1. When you check residue 75 against the structure, is it in contact with a Gly (Cβ under 9 Å, 6 or more places away or on another chain) and not acidic (Asp, Glu), yes or no?
2. Taking the stretch 101-144 as the region of interest, how many residues are more than 14 Å from residue 161 (Cα to Cα) and hydrophobic (A, V, I, L, M, F, W, C)?
3. Which residues, taken from the stretch 168-189, are of a type in the set (Lys, Arg) and surrounded by fewer than 15 Cβ atoms within 10 Å (Cβ to Cβ)?
4. Based on what the data block shows, is residue 117 farther than 20 Å from residue 10 by Cβ and of a type outside the set (Val, Ile, Thr)?
5. Since residue 110 meets every condition but one in (1) under 14 Å from the mean Cα position of the chain (by Cα); (2) farther than 19 Å from residue 53 by Cα; (3) not hydroxyl-bearing (Ser, Thr, Tyr), which condition does it not meet?
6. Starting from the stretch 163-184, take each residue that is modelled with pLDDT of 95 or more and list its partners that are polar (S, T, N, Q) and surrounded by fewer than 17 Cβ atoms within 10 Å (Cβ to Cβ), counting only C-beta distances under 6 angstrom and pairs at least six apart or across chains.
7. Testing residue 56 on (1) over 27 Å from residue 165 (Cα atoms); (2) under 16 Å from the mean Cα position of the chain (by Cα), one condition comes back false. Which one is that?
Amino acid sequence: MTWQPDRSSAWELFSRFTTEPHLVKHGLAVEAAMRYMAKKHGEDEELWAVVGLLHDFDYEKYPTAEEHPFKGAEILKEEGYPEHVIAAIMGHAPYTGVPRDTIMAQTLFAVDELSGFIIACALVRPDKALSELKLKSIRKRMKSSAFARGVNRDDIRQGAEELGVELDDLCLDVIEALKPVAGQLGINP
C-alpha cells in the first residue's frame, strides 16, 4: 500500500510536539500557503499541506540548528513518512545541505519565511486585514531591518528566485493563501 497524506495524523503529530501559540500559527500559515500553491501548480494539495504543517513541528523541542529539522526527520521516518516528504522538510533549512530539487521543496522554502512576514505586516495595520495589505507596504517593511527582525529577507528573496517567480507575485499568492485561515492566525481576511 502506498503512503497517503493524512492531515489528521499530521495534526496529531504536530500537536504532540508544538504547543506554543506562535509556532502553531506558523504551522497553520505555512500549511495554508502550501495548499494554495499546490492547487495553483496542479499538485497534490493534501501532500503539500501536510509538508507545510509539519515543516517545523520539532522546533519547539529542538530549536537549535544542530537539532532542527534533523530530529524531526528522524521522527518522521519512525512514523512512516516517505523520503520525498522528509527531503522537502529538510530542504527548508538551508544549513542542512539537502537540495531543494522538487517544486514542493522549493515552494516550502519560498513560503516559510514569507508567511510569517506577511502576517507581521498585517498585524501592524489598524484593521489587521490581509485584504488591505499593499505590496508597497510589504516592500517598505522588507527594507526595514527593525521590522520583524527574525525574518530572513535573503531567504525570502532566494525562495522566489528558486521558484522562478517575481517576489511581488509570491507575496500576493501568500496573502490569498492566508485569507481562509486568517482568524486562526489572529488577523482579518
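1. Details: in contact with a Gly (Cβ under 9 Å, 6 or more places away or on another chain): no; not acidic (Asp, Glu): yes.
When the stated conditions are applied, residue 75 does not pass them.
2. Residues flagged as more than 14 Å from residue 161 (Cα to Cα) and hydrophobic (A, V, I, L, M, F, W, C) within the stretch 101-144 amount to 15.
3. Quick first cut of the stretch 168-189, residues of a type in the set (Lys, Arg) only: 179.
Correct list: empty.
4. Numbers: farther than 20 Å from residue 10 by Cβ: yes; of a type outside the set (Val, Ile, Thr): yes.
Spelling it out, residue 117 is indeed farther than 20 Å from residue 10 by Cβ and of a type outside the set (Val, Ile, Thr).
5. It is condition (2) that residue 110 fails.
6. 182/188
7. Of (1) over 27 Å from residue 165 (Cα atoms); (2) under 16 Å from the mean Cα position of the chain (by Cα), only one is false for residue 56: (1).
Residues checked against (1) surrounded by 13 or more Cβ atoms within 10 Å (Cβ to Cβ); (2) without any contact (Cβ under 8 Å) to a residue 24 or more places away in the chain; (3) more than 23 Å from residue 184 (Cβ to Cβ):
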| site | (1), (2), (3) |
| --- | --- |
| 17 | yes, no, no |
| 52 | yes, no, no |
| 65 | no, no, yes |
| 71 | yes, yes, yes |
| 93 | yes, no, yes |
| 98 | yes, yes, yes |
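The values are calculated or read from the model by the stated rules, or taken from the named source; none is laboratory data. Every value quoted in this text rests on a predicted model; they were computed, and no experiment measured them. Heads up, the Cβs are rebuilt from the backbone with ideal geometry, glycines too, and the neighbour counts pull from every protein chain shown.
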